[in-house]
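Each reported figure results from applying straightforward, stated rules to the coordinates on display, with no laboratory input. It should be emphasised that the depicted structure is a prediction, and the values quoted were computed from it without experimental measurement. Don't worry about glycine lacking a Cβ; one is built from the backbone with ideal geometry, like all the others, and counts go over all protein chains shown.
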Amino acid sequence: MVNSKLALIRTFGCQMNERDTETIRGLLQQEGYGFTDNPEEADLILYNTCCVRENPERKVYGQVGQLQELKAKRPGLIIGICGCMPQQKEELPVMLERLPHVDLFFGTHNIHRLPELLHRVCTTGERVVEILDDSDEPIEGLPALRSNDFKAFVTIMHGCNNFCSYCIVPYVRGRERSRTPEAVLQEIRILADRGVKEVTLLGQNVNSYGKDLKSDIDFAQLLELVNEVPGIQRIRFTTSHPKDISDRLIRQLGRLDKVCEHLHLPVQAGSNNVLRRMNRRYTREYYLEIVEKVRQEVPGVSITTDIMVGFPGETDDDFADTLSLVEQVRFDSAFTFIYSPRKGTPAAELLDQVPEEVKKERIYKLIEVQNKVSLEINQSLVGSEVEVLVEGTSKSDAQMLTGKTRTNKTVLFAGTRELIGELVKVRIIEAQTWSLVGELI
């Protein structure tokens, strides 16, 4: 079957956005669309956007702005923007003015309405803007065109109730809404029947799962239920808020055989002063206590994190506390970034903003310290044998395969493409800062 219409989708941001794009692709496929990476042949170009930091927003404005010439040549081309950027009340009017050639805007709560919204654009020829403030319950039964045959994202909850002072997510994703255990398990069973080996459970804060449901099942219990699904061999999850991680959940990490030995636990800062101003609702000492408990329950666990520098009011002493925390915890890796003010958040209104040159100095120093720790940890793995889920060929060397260990380490090794999607044993022979090199056993 030849598709008469082609869509190009660009996705920015987190794994939740990637999962939303799979739903968008499923909806478009049902409408008769095929897919392309070439803007020149696309009938629909859709940007699924992120607003957590300024840089992705700049990219969207730049890339969508460049489409104005293409739109002039092909007036029938439909250009749309969805996701978190148009969901921002302060940003939407700016987008409408700066991007007059965009035909469709919708937010994070009405993806299921995409076919109807597209129909309105096509039949009226007018710009369509539909942004819902929130949604009551997760919409079930939506199609998904997955990007992978052997691993999959499974959203278990939407939204966030934490309101960290720097974060726009609660304002654009809404309050926490958990999917029922039955809906989550049904999706995972279907994935297992299709040959999926690894699932990643997604939520802005998975540790809050179930608090809004009538059932008594919390995230620790949900993990146990997923662990029992035949065919699934690996379970991951993200993201965990430190304040909500329970002793029961920590015990599950060590007890459940399919749950991977990897915990992503964003700390954001190592200074109690900064953590308080961020409204993170835990202390440095509490975070260190969690790390100690996890390492006792799960020997060899990989712990990764997010760290922000340059938060308003961050002093040299505060930053020194962050560096010392990195050296004390010894994270396997860290997503490091400079604080970016987000309109509508309390932190953006603080007067004691850190100068840009100071932010840059701090991020370079933080990366230097973390890279040293990451390399040392990886070097300790040389000679060990690890299980790797083969994900594809290396982008830099087509003769090499790449995959992930249970501890979420990237491993490169020589092998044939027939191994993609399989679990294999690999011996580590070389360590690099961000990856390992191995040989098939």
Under a GNM of the chain (C-alpha, springs under 10 Å), which listed residue has the highest mean-square fluctuation: GLU430, GLU289, GLU176?
-> GLU289
Shape call, the range 1-137: gyration tensor on alpha carbons, a/c limit 1.5 | rounded
Whole-Å semi-axes of the chain's equivalent ellipsoid (Cα gyration tensor) = 34, 28, 23
Per q in 0.09 1/Å, what log10 I(q)/I(0) does a Debye calculation on the alpha-carbon atoms of the range 218-345 return?
-> -0.29
Could you list, bin by bin from short to long, the percent of Cα-Cα pairs of the range 58-200 in 5 Å steps?
-> 2, 8, 15, 16, 17, 15, 13, 9, 5, 0
Check cross-link reach from LYS71 to the lysines: straight Cα distance under 20 Å, and skip same-chain residues fewer than eight apart.
-> LYS5, LYS59
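Of the GluC sites (Glu not before Pro) in the range 31-83, which ones lie in a loop per DSSP and count no more than 16 other C-beta atoms within 10 Å?
Working: sites: GLU31, GLU40, GLU41, GLU54, GLU57, GLU69; in loops: GLU31.
Listed in order of number, the matching sites are GLU31.
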What is the Cα coordinate range of the range 385-440 on the first, second and third principal axes, sorted by size from largest, in whole angstrom?
-> 25, 22, 16
For THR200, enumerate residues with amide H under 5 Å from its amide H, sequence gap 5+ or separate chain, H modeled in the peptide plane.
-> ALA152, PHE153, VAL154, ARG236
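Lysine pairs, Cα distance under 20 Å, 8 or more residues apart or cross-chain: how many in the range 148-260?
Close lysine pairs under the 20 Å cut-off: 4.
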Using a Gaussian network for the chain with springs between C-alpha atoms less than 10 Å apart, which of these wobbles most: GLY313, GLY159, GLY62?
-> GLY62
Gained length - LEU142 relative to GLU228, 0.36 nm times residue gap less alpha-carbon distance | 28.5 nm
With each run of n ≥ 4 DSSP H residues scored as -39500 (n - 2.57), what mean residue ellipticity at 222 nm is computed for the chain after dividing by its residue count and rounding to the nearest 500 deg cm²/dmol?
-> -10500 deg cm²/dmol
At most 15 other Cβ atoms within 10 Å and a DSSP loop assignment: could you name the chymotrypsin sites (Phe, Trp or Tyr not before Pro) in the range 339-441 that fit?
-> TRP434
Choice from SER396, SER208, SER240 with maximal GNM fluctuation in the chain (Cα, 10 Å cutoff) | SER396
Residue-wise HN-Hα coupling along the range 428-436, computed from phi with Karplus coefficients 6.51, -1.76, 1.60 (Hz; x: Gly, Pro) = 7, 10, 8, 10, 10, 4, 10, 7, 10
Along the range 142-147, Karplus-curve 3J(HN,Hα) (6.51, -1.76, 1.60; θ = phi - 60°) to the nearest Hz, with x for Gly and Pro, reads 6, x, 9, 9, 6, 8
So for the range 251-292, Kirkwood radius off the Cα pairs, Stokes-Einstein at 37 °C and 0.692 mPa s: how many µm² s⁻¹?
-> 277
Residues with beta-carbon under 14 Å from that of GLU349, excluding GLU349: net charge, scoring Lys, Arg +1 and Asp, Glu -1?
-> +1
Return the long-range amide H neighbours of GLY34 (sequence gap of 5 or more, or a different chain), with a cut-off of under 5 Å between placed amide H atoms.
-> LYS5, LEU6, ALA7
Under 19 Å from the Cα of LYS89 - aspartates and glutamates, other chains or at least 8 residues apart = GLU54, GLU57, GLU97, ASP103, GLU130, ASP133, ASP134, GLU349
Which residues' amide hydrogens lie under 5 Å from the amide hydrogen of ASN279, considering only partners 5 or more residues apart or on another chain, with H built in the peptide plane?
-> SER165
Report the net charge of residues surrounding LYS372, where surrounding means a beta-carbon distance below 14 angstrom and charges are Lys +1, Arg +1, Asp -1, Glu -1.
-> -2
Per residue of the range 107-124, in order, report the coupling 6.51 cos²θ - 1.76 cosθ + 1.60 (Karplus, θ = phi - 60°) as ³J(HN,Hα) in whole Hz, putting x for Gly and Pro.
-> x, 8, 9, 9, 4, 4, 8, 3, x, 5, 5, 5, 4, 5, 4, 5, 7, 9
Can you pull out the trypsin sites (Lys or Arg not before Pro) in the range 380-441 that DSSP calls coil and that have at most 15 other Cβ atoms within 10 Å?
-> LYS395
